[in-house]
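Q: Attaching a single structure in structure tokens format; questions to follow.
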């Protein structure tokens, strides 16, 4: 592993500087100004009356977002079901704390027969389709498997829903900002209108999410399946997979505090991402299912971006640690997405949702998670 100094890789982009002057970029040295925006911000909340007693199916319930979504739906009084894939060890860390409050169904979404059986058993009122191979680098290493899982799996979900469809009110699909892909700074913040922001995915994962969205639209237009489409930008927080960049940084911060390392090692420091706390994100999923228009895409985002280098710097600042930020070129993607910042005006106006948790909360809770789970320290992610 050849490490490079941050100064050797960091790039100053005058067009990004222009975005910063317009208030779209979070800078560690101006964090107080950014935090003021959250002091009195409020968001709509899901209606308990609407969700009480609803049978809900979450595909990928044991995943990062799925587990947080399950918590939210339990609080609303739903009867929560979820699909899990078979594992040699029957432990799903993310949902162990709610295991006695949910019903699990062993199923691989690539099996149409099994998925149909699950729908026949549950007859869900609402479906949240989150199951997918979501780590972008995996889609470069195993493109055919990721495409098969994410695309055919989605078709199987919609086909099962179409064939059972007794009580179905909504079927939400968790799509992604990776659909936008190669965004020019002049197009920021990106909106849901494809004439203004066309899809230019830069990974097989991004392509599968374009397909997921098109499948949802097709089943609505052809069969009136009640599709709800959300385009989630980066959602982060406690329980985030160890391989994702925020967890890589959070974990290394804890290791530095424990004297186990001296550097924070990241991939591309110049990439700019729009981070939203996972609890805000799943709140958006629920609200869109409750109030959103069918087959209409909704960006789920904060409306501001931060570079990965500055995210690492802000982590150092908040945790009061000293460490050099180094770059591992092996962690670079073959095809990078340099800039993703979304516009959330549509979801705010139509659904009433707004993000209420700042990026500093993502960092603090993410670091605290690894403090409480020392068994996950010392694991290198690539």
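Q: Name the pairs: first residue in region 193-220 and assigned to a helix (DSSP H, G or I), second residue surrounded by fewer than 18 Cβ atoms within 10 Å (Cβ to Cβ), Cβ to Cβ under 6 Å, at least 6 apart or on different chains?
A: Cβ pairs passing all conditions: 204/143; 204/147; 208/147; 210/199; 220/294.
Q: Another question, if that's okay. Taking the conditions exactly as written (touching a residue at least 60 places away in the same chain (Cβ under 8 Å), more than 24 Å from the chain's Cα centre (by Cα), over 21 Å from residue 284 (Cβ atoms) and surrounded by 14 or more Cβ atoms within 10 Å (Cβ to Cβ)), does residue 6 satisfy them or not? Explain how you work it out, then say what you get.
A: Values: touching a residue at least 60 places away in the same chain (Cβ under 8 Å): yes; more than 24 Å from the chain's Cα centre (by Cα): yes; over 21 Å from residue 284 (Cβ atoms): yes; surrounded by 14 or more Cβ atoms within 10 Å (Cβ to Cβ): yes.
So residue 6 fits the description; yes.
Q: How many residues does region 304-352 contain that are touching a strand residue (DSSP E or B) at 6+ places or on another chain (Cβ under 8 Å) and not in a helix (DSSP H, G or I)?
A: So the answer is 18.
Q: Select, from 135, 140, 199, the only residue that is modelled with pLDDT under 95 and over 21 Å from residue 61 (Cα atoms).
A: None of the others qualify; the one that does is 140.
Q: The conditions are (1) under 13 Å from the mean Cα position of the chain (by Cα); (2) buried (at least 19 other Cβ atoms within 10 Å of the Cβ); (3) under 15 Å from residue 130 (Cβ atoms), and residue 241 fails exactly one of them. Which is it?
A: Just one mismatch for residue 241, condition (2).
Q: Then there is this: Pairs under 7 Å by beta carbon, first residue farther than 27 Å from residue 85 by Cβ in region 48-63, partner assigned to a strand (DSSP E or B), six or more apart or different chains?
A: As it stands, the answer is 53/79, since those pairs meet every condition given.
Q: Now for a different question. Run down 272, 286, 308 and say which single residue is at pLDDT 95 or above and surrounded by fewer than 23 Cβ atoms within 10 Å (Cβ to Cβ). Steps first, please.
A: Details: 272 fails: surrounded by fewer than 23 Cβ atoms within 10 Å (Cβ to Cβ); 286 fails: surrounded by fewer than 23 Cβ atoms within 10 Å (Cβ to Cβ).
Answer to the selection: 308.
Q: What's the total number of residues in region 88-122 that are more than 25 Å from residue 170 (Cα to Cα) and exposed (fewer than 15 other Cβ atoms within 10 Å of the Cβ)?
A: 8
Q: Separate question: Scan region 366-380 and give yes if some residue there is within 19 Å of residue 27 (Cβ to Cβ) and buried (at least 16 other Cβ atoms within 10 Å of the Cβ), otherwise no.
A: No, region 366-380 contains no residue that is within 19 Å of residue 27 (Cβ to Cβ) and buried (at least 16 other Cβ atoms within 10 Å of the Cβ).
Q: Among the residues of region 123-152, count how many are buried (at least 17 other Cβ atoms within 10 Å of the Cβ) and closer than 21 Å to residue 68 by Cβ.
A: Number of matching residues: 13.
Q: Now, a different point. Can you pull out the helices (runs of 4 or more DSSP H) entirely within region 1-117 that have at least 3 residues that are touching a helix residue (DSSP H, G or I) at 6+ places or on another chain (Cβ under 6 Å) and closer than 30 Å to residue 160 by Cβ? It would help to see each step written out before you state the result.
A: Working: elements: 6-9, 14-21, 31-36, 48-51, 64-75.
Once the helices (runs of 4 or more DSSP H) in region 1-117 are filtered for at least 3 residues that are touching a helix residue (DSSP H, G or I) at 6+ places or on another chain (Cβ under 6 Å) and closer than 30 Å to residue 160 by Cβ, what remains is 64-75.
The values are calculated or read from the model by the stated rules, or taken from the named source; none is laboratory data. Since the model is a prediction, treat every value here as computed from it, not as a measurement. Cβ coordinates were reconstructed from backbone atoms using ideal geometry, including for glycine residues, and neighbour counts include every protein chain displayed.
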